[in-house]
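The values are calculated or read from the model by the stated rules, or taken from the named source; none is laboratory data. Keep in mind that what you see is a predicted model, and the values were worked out from it rather than measured. Don't worry about glycine lacking a Cβ; one is built from the backbone with ideal geometry, like all the others, and counts go over all protein chains shown. Keep in mind that these areas ignore ligands, DNA and RNA; they rest on the heavy atoms of the full protein, side chains included. Shrake-Rupley method; radii C 1.70, N 1.55, O 1.52, S 1.80 Å.
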Amino acid sequence: RVRAVRARHAASLVVLRRAARGPEMLMGVRGSRHRFMPNRLVFPGGAVDRADLAAPSATPLAPGTRARLERSASPALAHGLGIAAARELEEETGLSLGAPPALDGLDYICRLVTPTDSPVRFNARFLVADAARASGVLAGSGELEGLRFYPAAEALALDLAEPTRLVIGRLLAWLAMGAAERAAEERVPVFRKDWRWE
């Protein structure tokens, strides 16, 4: 029996802009040469690097966000996930949360773990930040093509990878919650297999 590939810790950042017609999310199409989800519309993100675990931040994660991340991560990894989300945002889109990044505006909405039979696996945490917290000009490294803010309805009408569709659905449910309801949510949904939340 082939041993399952170990899932690498990763972070993706949903940069959210509220518009009259509803929420809009910063997304881009991953290039055709990528091993993981080529030619797919995705959120900026990537694997946590060892250096992320001890990288400085202008502000720490908000207590609620940190507590939810630490249900499945060490304190160092929780911090590293925030750093990785900010770093990947800047690398892939040109937008910055500051230097060093301010992590206090990040919310944690869900986690997706790539199924065990996949050749490339990630244990990915999806974080959210308001677009007002990011500065810079959309450009990035070229890893993501066609970078722009997509209205949720437009994105959902496209041929999305199922995990991306799940995250958008979760985001819309999270946005519909009140502040007290969000604060009371100790555990975020986790997706592992069969396209069902745990």
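Here are some notes:
- In this structure the amide hydrogen of PHE122, modeled in the peptide plane, comes within under 5 Å of the amide hydrogens of ARG8, THR114, none closer than 5 places in sequence on its chain.
- Rg and Dmax of the range 145-193, Cα atoms only, in Å: 13.1, 37
- Distances between placed amide hydrogens fall under 5 Å for VAL48 paired with HIS9, ALA10, ALA11, all partners being 5 or more residues away or on another chain.
- Accessible surface, 1.4 Å probe, highest first, among residues SER96, SER135, SER72: SER135, SER72, SER96
- In the context of the full set of protein chains, the range 120-198 has a per residue accessible area of 53 Å² (1.4 Å probe).
- Among (1) -0.89, -1.02; (2) -0.97, -1.04; (3) -0.78, -0.91, the entry that matches log10 I(q)/I(0) by the Debye sum over Cα atoms at q = 0.14, 0.15 Å⁻¹ as calculated here: (3)
- Under 12 Å, Cβ to Cβ, from ALA124 - net charge with Lys/Arg +1 and Asp/Glu -1: +4
- Within the full protein context, the accessible area of GLU88 is estimated at about 20 Å² for a probe radius of 1.4 Å.
- Estimated [θ] at 222 nm from DSSP helical runs (n ≥ 4, -39500 (n - 2.57)) normalised by residues in the chain, nearest 500: -8000 deg cm²/dmol
- Per-selection Rg to Rh, the range 50-145 - Cα, Kirkwood hydrodynamic radius: 0.97
- When you work out D = kT/(6 pi eta Rh) for the range 85-198 at 10 °C and 1.306 mPa s, using the Kirkwood radius from C-alpha pairs as Rh and the Stokes-Einstein form, the result is 101 µm²/s.
- Entry note, the chain: relative contact order of 28 percent, from Cα contacts under 8 Å with a spacing of 6+ residues.
- Considering only beta bridges that DSSP places wholly inside the chain, some 65 percent are antiparallel.
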